[in-house]
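These notes are about the structure you will find just below.
The values are calculated or read from the model by the stated rules, or taken from the named source; none is laboratory data. Owing to the predicted nature of the structure, the values given are computational and were not obtained by experimental measurement. For neighbour counting, all protein chains shown are included, and Cβ atoms are generated from backbone atoms with ideal geometry for every residue, glycine included. Only protein heavy atoms, including side chains, enter the accessible area calculation; ligands, DNA and RNA are left aside. Shrake-Rupley method; radii C 1.70, N 1.55, O 1.52, S 1.80 Å.
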Amino acid sequence: MTDVETMLRDALHAAGERSPAAGDLVGGARARLSRRRRARAAVVAAAVAVAAIPVGFALTGTSDSPPELIAPTPMPQPPQGLRAESWRDLTVQVPDHWGYGALDQWCAQGRRAAPAVQRPGDGDAQTDVGCTPTTGYGLRFEDPALASYPASKIWQPMDAERYPADAWVGFRSAAAGEHAAVLVVAADEATVEQILRSVRAVDALDPNGCAVRLSEMMTRGTTPDVTMLSVCHYDPDGWLTQSEQLSVADSQQALEALTSPPVLQRIPACRTAEPYPQTLVAGAGRGFRIVWESPCGRDRGVFANGKHYQLTADALYWAVSPGWSGSVPSSVPMPDRLRR
């Protein structure tokens, strides 16, 4: 173990002892994972390209990664009761009790379903349940180039087939010419206004410590915080699609899971021009690259400090963020429980 690894391990362990113990993870998550797999089975079966989603930190001083760099300071974290959600170059604050899912699937969760946060593509593989109205409460990220609303607007719709009765709707993009916008549907105007006021364009790192573009994340380096790690998901085009900051206790557990697999014989990495989604778990100037399915099938595993480690469900547990909407091959050792 290198000096950097030892420093990070000790810092996380000490901070974890000072922090509250982590609560129970998702109850019944195996059933949730099963529902996800069934819902996406048709899409996965029809896919021609094999999903390839690496996960990793910006590694320090190895051939697998850029050199150690210290990134700019992330944007401030939201106040208590709110959480930061990002997509492309926009970040916004939503109530922390809001869940995830497609807004047109609200009735599948029952009438007491919590408002959801939806990203483009989240509802593509879900069952068409025909909810009425067609849009439930929550927030949906959108490409402003495809939207027909003005840059910023709040209104009370009269379309009972499309929105809940007495709902308020708001739309806002980060700024003219930016690449992301949000549509908010809530039961009161104040909630819509509060959320729209929190919309910000991300210049360097979002509140969870993730860069807008994968290339920026790889060249700018990682956050200097040695106690909290960031999970950053990117689409095949290199845009940030979701970000998350782990707690001190979770960061400690993630580090242990990523450093514990046995070392395998190193094989040459395959090369392909085909783009694929990627996830970086970043922090403290070091980290890991985890691949669970590469286009040519040779890169599965955990890569760190020039070594190739066996891929485990414990390691993948930290790559799957709450609300993650990707899919995985059936041969991948997915965890029994998902984080929420």
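Things to note:
- Theoretical gain in end-to-end length, SER148 to ASP203 [0.36 nm per residue, Cα-Cα removed]: 17.3 nm
- Compared with the direct C-alpha span, the chain from TRP239 to ALA175 gains 21.3 nm at full extension, assuming 0.36 nm per residue.
- Inter-label distance, SER330 to GLN77: 4.2 nm, where each label sits 7 Å from its Cα along the C-beta direction.
- If you take all other residues with their beta carbon under 11 Å from the beta carbon of PRO275, and give Lys and Arg +1 and Asp and Glu -1, the sum is -3.
- Where labels lie 7 Å past Cα in the beta-carbon direction, separation of MET158 and SER247 in nm: 4.8 nm
- Residue-level accessible surface for HIS179, protein heavy atoms, 1.4 Å, Å²: 80 Å²
- Zone residues, segment 150-174, relative to ALA187, backbone N less than 14 Å from point 7 Å out along Cα-to-Cβ: 164-168
- Projected label points at VAL263 and THR132, each 7 Å from Cα along the beta carbon direction, are separated by 6.5 nanometres.
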